[in-house]
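Trainee: Would you mind keeping the following structure in view while I ask a few things?
Read the figures in this text as sums done on the coordinates, not as results from a lab. For clarity, every value in this text was computed on a predicted model and none was experimentally measured. Reconstructed Cβ throughout: ideal geometry from the backbone, glycine too, with neighbour counts over all protein chains shown.
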C-alpha cells in the first residue's frame, strides 16, 4: 500500500498523525510519496522523525520548494535527500514508481513549444556566460535556485526510455478541464506504460474518470494536504481529503513563468 500526499506547504503534522494511526491499526503504508510543495520549515527527516522507520518516505519537489534557500535546503540537504524520485524509477511496495518533480516554466520550456535549454546544466552555463558567479546579485542567485525545480527536457527524455507502473508528478496531465494540464506529462506516462498517475500542485482532486480510457492510464489529483492510497490490488482509497475538496474552493496556483 502506497500513500500519495498532496501539497503540504509547511504543515506535515497530519502526515505523521495518519501514519501513526495506521500503524496502531496494523495498516501502516509501505511507503508515502510527497507530490511536491512540501515547503519544510526544518529538514525533512526532522519534520517526519516520528515515522522514519515506520514507513518508507519518498518525494518529488514542487515549484515552491525553491522559493527560498530554507525550503530548498530542508529537502535537498536533509537525511532523506536520497529519497528524491525526480528523474528516477524505483521499486516501492511492489510497484515501479517514476518521479517527475517541478513545473514547466516558459523561460525554459513550455511544451509543445521548443525548449530554450535542454538541461539545467545548459541553462546554468548560459547564466554564467552572461555574468560570472562572482558578479551575481540577488537576481542571479534567485534564478539559479528557482530553476532547480524546473522541468528540463533531458529528464523527461531519460524517463521516457524506462518503464513504470506509476508516475508521480507535481504537474498534471492534459485531462484537466481548466486547461492547466500538460500533454507532455500525459505523453510521458504513455511512453512509460504507466497504469496510474498521481499529481499535486493544483490543490484539488477532480474526478478524471471520464478520461481514463482516452488517456490510457488512470489519473488522480491529490488535494491540498490530502492523502490518497493505492492498495496492492489497484484500488484507490482517500485516507484524508484535501482541505478544499468538499467546498471545491481551491487556492489556485499562478501560471508558471
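Trainee: Sketch the reach of a paramagnetic label on residue 154 as a point 7 Å from Cα along Cα-to-Cβ, and name the residues of the range 49-91 whose backbone nitrogen lies under 15 Å away.
Mentor: 87-88
Trainee: Counting pairs of alpha carbon atoms under 8 Å apart in space and at least six apart in sequence, what relative contact order in percent does the chain give? Before the final figure, lay out the partial values.
Mentor: Details: 556 pairs, mean separation 51.8, N = 257.
After rounding, I find 20 percent.
Trainee: On C-alpha positions alone, give me the angle between the axis of helix 120-130 and the longest principal axis of the chain, in degrees, nearest 10.
Mentor: Helix 120-130 sits roughly 30 degrees off the main axis of the chain.
Trainee: Could you work out how far helix 13-24 tilts from the main Cα principal axis of the chain, as a 0 to 90 degree angle to the nearest 10?
Mentor: 30 degrees
Trainee: If you average 1/r over every pair of different alpha-carbon atoms in the range 4-73 and take one over that average, what Kirkwood value in Å do you get?
Mentor: So the Kirkwood estimate lands at 12.3 Å.
Trainee: On to the next question. Using Cα pairs closer than 8 Å and at least 6 residues apart in sequence, work out the relative contact order for the range 162-214, in percent.
Mentor: Rounded, it is 43 percent for the range 162-214.
Trainee: Take every Cα-Cα distance within the chain, group them into 10 Å bins from 0 onward, and report for each bin the whole-number percent of pairs it holds.
Mentor: 7, 32, 37, 18, 4, 0
Trainee: Picking from 78, 205, 66, which is most flexible by a Gaussian network model of the chain using Cα springs under 10 Å?
Mentor: 78
Trainee: Expressed in nm to one decimal, what extension gain is obtained for the pair residue 232 and residue 130 from 0.36 nm per residue of sequence separation less their Cα-Cα distance?
Mentor: So the extension gain works out to 31.6 nm.
Trainee: Here is a further query. In degrees from 0 to 90, rounded to the nearest 10, what is the angle of the helix 183-192 Cα long axis to the longest principal axis of the chain?
Mentor: 60 degrees
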